[in-house]
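Novice: Below you'll find the structure I mean.
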Amino acid sequence: MPQKIVTHVRFPTSLGQHGSDAMHTDPDYSVAGGDVIESAAVPIAVVCAVKALSGFVVGKTLEEIVGDFRGFYRLLTSDGQIRWIGPEKGVIQLATAAVLNAVWDLWARAEGKPLWKLLVDMSPEQLVSCIDFRYITDALTEQEALDLLRKAQTGKTEREEQMLKEGYPAYTTSCAWLGYSDQQLTQLCTDALASGWSRFKVKVGAELEDDERRCRLIRQMIGPDKTLMIDANQRWDVGEAISWVTSLAPFRPLWIEELTSPDDILGHATISKALAPLGIGVASGEPCHNRVMFKQFLQASALQFVQIDSCRLGSVNENLAVLLMAHKFQVPVRPHAGGVGLCELVQHLILFDYISVSADLNNRMCEYVDHLHEHFTSPVVIRNAHYLPPK
């Protein structure tokens with residue numbers, strides 16, 4: 001039976017400017033955690049919200065919860081009082097993710113499997129029964145989700161074997177945090193190239209001349225054939241974003257990430273349309289708080305790359321809905337994975353997505369950052385710039 005133990009841990013990442021970007025110049029990463037509550041981003045407020053939700057968990061068996069996982073998800077997100085500080089967004093949704101991710105972890109442990117394997121081995125009917133389709137049936141019905149999962153059964157065994165052998169492609173954000181000096185950036189990029197990395201993300205958005213210098217430096221180092229992405233962390237207004245990114249177009253970024261307010265769906269659509277002739281896509285989703293937001297981004301053709309977050313959405317349950325919607329709309333998923341333990345979490349989702357949903361690696365890769373893994377008993381394993389499936 002779950003225990004009611006919740007803690008808060010903070011890491012002084014600001015001392016080395018790790019995680020620094022245009023909006024967060026002195027970031028200290030933090031996590032809510034405990035014996036059952038395994039993960040969530042942000043500090044004490046999440047711990048308080050987890051405690052508020054704990055009454056729905058304590059006293060229930062694992063079998064009761066997963067036997068009606070859709071119902072349990074809706075129970076957590078529909079409380080008459082708690083719902084007022086959501087619904088399904090902000091701190092309360094992070095807490096929901098913490099509780100539900102812990103349940104998924106417990107379920108996988110009970111089955112003696114890593115989470116990705118638990119998901120891969122589930123039938124389409126079992127998977128769909130975990131998803132709350134409320135508010136998204138105009139974009140994805142339960143029957144459509146079943147059809148997509150059933151279609152992906154073909155070749156599933158071969159894809160699983162491929163992942164176990166090769167791993168899932170990754171890109172690195174660790175070389176070019178905004179607070180790093182050019183010397184540090186150069187050294188880290190040199191080391192990454194020597195380790196086989198071919199996809200690099202650069203933080204931008206503070207000063208245009210500084211962005212141009214740093215992007216030029218990175219592009220010169222990695223050459224014309226490797227992939228460059230840029231990330232502004234919500235820095236600009238719509239018009240400013242179009243103008244700024246147009247100035248950076250000569251460095252051939254594949255995408256611009258989080259360029260304006262994460263809630264501005266129509267703004268993202270406007271920017272996407274303006275940048276399309278430059279061959280630059282728009283990526284977002286790290287701060288996207290629920291499946292309804294993703295539904296609208298996809299319906300409005302506002303994103304060319306979907307970036308799910310393991311803890312921002314309502315855990316694995318809601319991520320399943322977004323993975324299936326993205327597949328229906330044929331938009332590749334490239335997850336966010338910075339923070340504390342997000343690489344450890346999201347690796348399970350990307351493996352499941354490839355093996356059981358998308359069956360496609362074209363234009364797909366997952367973010368990787370190289371700090372804070374030493375705090376985990378089972379840190380991610382990266383080989384040749386690929387995530388190796390945890391066992």
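The values are calculated or read from the model by the stated rules, or taken from the named source; none is laboratory data. The structure presented is a predicted model; accordingly, all values stated were derived computationally and were not measured. Cβ atoms come from the backbone with ideal geometry, glycine included; neighbour counts cover every protein chain shown. Remember, those area values only see protein heavy atoms, side chains included, never the ligands or the DNA or RNA. Shrake-Rupley method; radii C 1.70, N 1.55, O 1.52, S 1.80 Å.
Novice: Any residue that is open to solvent by 30 Å² or more (accessible area, probe 1.4 Å), among the aromatic types (Phe, Trp, Tyr) and not in a helix (DSSP H, G or I) - is there at least one of those in region 159-175?
Specialist: no
Novice: Are any residues in region 341-391 of a type in the set (D, E, K, R), within 13 Å of THR172 (Cα to Cα) and part of a loop (DSSP other than H, G, I, E, B), and if so, which ones?
Specialist: ASP370
Novice: Modelled with pLDDT of 95 or more, more than 30 Å from GLU240 (Cα to Cα) and not aliphatic (A, V, I, L, M): does that describe ARG134?
Specialist: yes
Novice: If you don't mind, there's one more thing I want to ask. Please find, among ALA283, ALA274, the residue that is surrounded by fewer than 24 Cβ atoms within 10 Å (Cβ to Cβ) and of a type in the set (A, V, I, L, M).
Specialist: The conditions single out ALA274.
Novice: Select from region 65-117 the residues that are of a type in the set (Asp, Glu) and assigned to a helix (DSSP H, G or I) and write down the one among them that is most open to solvent (accessible area, probe 1.4 Å).
Specialist: Out of the qualifying residues, it is GLU111.
Novice: Count, please, the residues in region 356-391 that happen to be open to solvent by 20 Å² or more (accessible area, probe 1.4 Å) and either basic (Lys, Arg) or touching a Lys or Arg at 6+ places or on another chain (Cβ under 7 Å) (or both).
Specialist: 4
Novice: Which numbered condition trips up PHE200, out of (1) outside any loop (DSSP other than H, G, I, E, B); (2) open to solvent by 30 Å² or more (accessible area, probe 1.4 Å); (3) hydrophobic (A, V, I, L, M, F, W, C)?
Specialist: Evaluating PHE200 over (1) outside any loop (DSSP other than H, G, I, E, B); (2) open to solvent by 30 Å² or more (accessible area, probe 1.4 Å); (3) hydrophobic (A, V, I, L, M, F, W, C) leaves (2) as the failure.
Novice: Of everything in region 225-240, what is open to solvent by 10 Å² or more (accessible area, probe 1.4 Å) and closer than 16 Å to TRP197 by Cβ? Give them in sequence order. Show your work before the answer.
Specialist: To start, the set of residues in region 225-240 that are open to solvent by 10 Å² or more (accessible area, probe 1.4 Å) comprises 225-227, 234-235, 237-240.
Answer for region 225-240, where residues must be open to solvent by 10 Å² or more (accessible area, probe 1.4 Å) and closer than 16 Å to TRP197 by Cβ: ASP225, LYS226, THR227.
Novice: Looking at region 310-340 only, could you name the residues that are outside any helix (DSSP H, G or I) and open to solvent by less than 10 Å² (accessible area, probe 1.4 Å)?
Specialist: The answer is SER310, CYS311, LEU313, GLY314, VAL333, ARG334, PRO335, ALA337, GLY338.
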